[in-house]
Every structure is written in C-alpha cells, then in structure tokens.
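The structure appears right after this line, and notes come after that.
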C-alpha cells in the first residue's frame with residue numbers, strides 16, 4: 001500500500017492494513033479507535049495552538065532546530081520551548 005500525504009496513515013488504518021500490506025491486528029485497531037474516539041471528544045484550547053503543536057511535531061522531522069525555530073518566529077508563533085527542543089532535538 002502506497003502511503004503519502006497527511007491522510008495516508010488514516011486511510012491505511014481505516015483499511016486495517018499496514019504499510020507492508022499485512023493486516024493490522026484487531027486488538028490494535030480496537031485500542032487505537034477507542035483512544036481516537038476519546039480524543040475527538042476532548043475540548044480544545046484553540047486552533048492556532050493546535051496548528052503550532054502539529055507544526056512542531058511534524059516540522060522537527062523535516063527541519064533542523066534552528067530553521068524550525070526561525071520559521072515559527074517569522075510566522076508569528078512562539079519559538080521552540082526548552083521541553084520541545086529536548087524531546088524533538090535532544
């Protein structure tokens with residue numbers, strides 16, 4: 001299964017198939033769906049905060065620490081926090 005784009009993993013999960021084509025065990029799918037259902041009901045603190053969190057989490061895979069920090073600041077967000085640096089770049 002070819003996975004690309006932000007929805008690729010969600011599509012694979014919905015199909016119950018891993019990237020290598022093997023089925024995802026029912027117990028794993030059940031727990032994942034339970035946790036995602038609970039998460040979908042959790043109150044949010046703001047769209048911009050969620051956007052920033054996603055940018056940091058995913059951006060750390062694509063940018064070095066300095067570049068990501070500079071891009072966050074240039075876009076008007078707070079720069080990387082020490083705990084984010086430690087977790088994603090430590």
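Take the range 59-72 and flag every residue that is surrounded by 12 or more Cβ atoms within 10 Å (Cβ to Cβ) and within 14 Å of the chain's Cα centre (by Cα). Walk me through how you get there before you give the answer.
Step one: list which residues in the range 59-72 are surrounded by 12 or more Cβ atoms within 10 Å (Cβ to Cβ), which gives 59-60, 63, 65, 68-72.
59, 60, listed by residue number.
Looking at the structure I just gave you, is residue 17 surrounded by 11 or more Cβ atoms within 10 Å (Cβ to Cβ) and in contact with a helix residue (DSSP H, G or I) (Cβ under 8 Å, 6 or more places away or on another chain)? Give the steps one after another, and end with the answer.
Numbers: surrounded by 11 or more Cβ atoms within 10 Å (Cβ to Cβ): yes; in contact with a helix residue (DSSP H, G or I) (Cβ under 8 Å, 6 or more places away or on another chain): no.
When the stated conditions are applied, residue 17 does not pass them.
For the range 30-46, enumerate the residues that are without any contact (Cβ under 8 Å) to a residue 12 or more places away in the chain and in contact with a helix residue (DSSP H, G or I) (Cβ under 7 Å, 6 or more places away or on another chain).
44
Tell me which residues, restricted to the range 73-90, are in a loop (DSSP other than H, G, I, E, B) and surrounded by 14 or more Cβ atoms within 10 Å (Cβ to Cβ). Reasoning before the result, please.
Pass one, the range 73-90, residues in a loop (DSSP other than H, G, I, E, B): 76-81, 90.
Answer for the range 73-90, where residues must be in a loop (DSSP other than H, G, I, E, B) and surrounded by 14 or more Cβ atoms within 10 Å (Cβ to Cβ): 77, 80.
No lab work stands behind these numbers, since they all come straight from the coordinates. These figures come from a predicted structure and were not determined experimentally. Ideal geometry is used to build each Cβ from the backbone, glycine not excepted, and the neighbour counts take in all protein chains shown.
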